[in-house]
Every structure is written in structure tokens, then in C-alpha cells.
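All remarks here apply to the structure that follows.
The values are calculated or read from the model by the stated rules, or taken from the named source; none is laboratory data. Note that the structure is predicted; figures quoted are calculated from it, not measured. All Cβ positions, even for glycine, are placed from backbone atoms using ideal geometry, and neighbour counts span all protein chains on display. Side chains are part of the model used for accessible areas, which takes the heavy atoms of the whole protein and leaves out ligands, DNA and RNA. Shrake-Rupley method; radii C 1.70, N 1.55, O 1.52, S 1.80 Å.
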Amino acid sequence: MADRKSASTDAGPVKKTMKPATSGPTIVGLMASKRLTSKLTSKLGKDRRSSSIAASNVHIDKEPSYRMEPNQKFSSVKARQILEDVLSSRLERYRYNSKFARNMAKVLSDEIKDQMKALHYDRYKYICVVYIGEVKDQAMALTSRCAWDNKFDNSATYTYQGTYQGKAWFCNASVFGVYRE
């Protein structure tokens, strides 16, 4: 049986050398790590100074206006018209399926938000909520509650009802326009 500590090949025996066990970092390693950290900190110090100078020269397109009121208020009539147009056009031939209702609600919500953004209400944030469900022998109540300023914030809601092969379903969409001061 061959000895496991040395292996023999055609070229001759191969000897394994054992390295002495070290109990911790060496002096050479410590000195190298100290040089590396000093170089990195000097580079970071230069980068920080140059980035602060560059940041002070940045041109801001919109400076703070300290405006407390919007130039144009959120119109719930226009928002409702968008809701009605999107839901009617997208759901005209829609076949309700509970597996696909979640994805359809996301698609409708994104499209409604995109069309609301196209109205260019300055400094408004839009929240769009879409529910799709099947109508069976039950009742459903959808409510919302928000903390907002009644002078500038508003909302619109539209419900679309459809049927396919005797199955009735509904889609309720709400969009909220919240003014950011």
C-alpha cells in the first residue's frame, strides 16, 4: 500500500512540506494593510472635497417656490372622464377570470396613472386603486379614508359592470389627487 504522505510518479517522489502554523497576522501584513488604508482614506478625502465642490455647482431646474397653493387644482370631472374612458375601452371585451384579475387591475391602474400624469397637474401625487371581482349573491361596499386638505385634494371613482357567458363582474377604479406643498 502506498504511503499517503508522499506520492511517487515517473518523475520521482514528491515531498510535501509543512508550513509553520502562525498564531496571528505578521508584521509585513500589518504594514501593508496600514499603507493600503492610508492610500484609500487620502483618495476618499480628495473625492469628498471635489464632490462637495461639484455638488455646489449643480444647476437645479426647479428651485423651491414656497408656493402653498397649486396653479391648477385637481379636477374630479376630468379624472372621472379618464376613468370612464380607460375602463370602458379596456374592459369592453374582457372575460372575467379570477387568476388574471390581479394582473388586469395592475395594468388598468398603471394606465390610469399615466393618463392622469399627462394632465400636468403640477405638484400632485396620484394614488390609483382598482378592484375587479365577480358578482354573485353578495353585497360589497368599498370605502376609502384619507388625511388631506379639502381645498386642494380630491378624488374620482367609476364602476364598470360587465357580463360574459352569464357571469356578471365589476371593476371599481378610484384615483386620488393629493397636492404636495
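Structure notes:
- Kirkwood radius, the range 115-158, all distinct C-alpha pairs, inverse of mean reciprocal distance: 13.6 Å.
- Of all accessible heavy-atom area on the range 80-181, the percent that carbon and sulfur account for (1.4 Å): 44 percent
- Gyration tensor verdict on the range 63-117 (Cα atoms; rounded if a/c is under 1.5, prolate if a/b is larger than b/c, oblate otherwise): prolate
- For the range 81-181, the direction-averaged projected area of the alpha-carbon convex hull comes to 7.1 nm².
- Net charge over other residues, Cβ less than 11 angstrom from the Cβ of Leu87 (K, R count +1; D, E count -1): -2
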